[in-house]
Amino acid sequence: MKLKHKYNAKPCESADGIKFASMRERSWYLKLKILQVTGDVLFFIRQVPFDLPGKTTYRADFMVFYTDGSIKVLDVKGVETEVFKLKKRQMEEIYPFEIEVVK
């Protein structure tokens, strides 16, 4: 019996074999790849871990490095849980950037 994700996310894979927790996350990955080809994005990394108090880890979906020198942390969300909101607040207090929630 296959278990259903509590938020209806469907795990999937990109054409280059990378596995994603949801189709929405894969879609953002593909958008970032296009921005990299067009020269707007220098590079990006996936599933970036950040340490938080209480031996907790926040894992950002993407950290994007733009050609203009700016850096963004993106988190792809369908549902913003209370745990996510708490970790987001902690992240923004500790680290010098805001998390951009993309849908």
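Per-structure values
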{"item": "Selected from Gly78, Gly69, Gly54 as most flexible by GNM, with the chain as the system and alpha-carbon contacts under 10 Å", "result": "Gly54"}
{"item": "Cut-off 15 Å between beta-carbons: net charge of the residues surrounding Lys87, Lys and Arg +1, Asp and Glu -1", "result": "-3"}
{"item": "Sulfur and carbon atoms: percent of accessible area, the chain [1.4 Å]", "result": "56"}
{"item": "Choice from Glu13, Glu92, Glu82 showing the highest fluctuation, given a GNM over the chain with Cα pairs closer than 10 Å", "result": "Glu82"}
{"item": "Longest site-free stretch - the chain; sites: chymotrypsin sites (Phe, Trp or Tyr not before Pro), DSSP loop, at most 13 other Cβ within 10 Å", "result": "8-96"}
{"item": "³J(HN,Hα) computed for each position of the range 17-29 - Karplus, 6.51 cos²θ - 1.76 cosθ + 1.60, integer Hz, glycine/proline x", "result": "x, 7, 8, 10, 6, 8, 5, 5, 5, 4, 4, 5, 4"}
{"item": "Label-point separation, Lys31 to Lys85 (7 Å along Cα→Cβ), nm", "result": "2.3"}
{"item": "Probe 1.4 Å, protein heavy atoms only - accessible area per residue of the chain in square angstrom", "result": "69"}
{"item": "Separation of the Thr67 and Gln47 label points, Cα + 7 Å toward Cβ, nm", "result": "3.0"}
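The values are calculated or read from the model by the stated rules, or taken from the named source; none is laboratory data. All figures in this text were calculated on a predicted structure; none of them were measured in a lab. Cβ sites come from the backbone with ideal geometry, for glycine too, and all protein chains shown count toward neighbours. Side chains included, ligands, DNA and RNA excluded: accessible areas come from the protein's heavy atoms. Shrake-Rupley method; radii C 1.70, N 1.55, O 1.52, S 1.80 Å.
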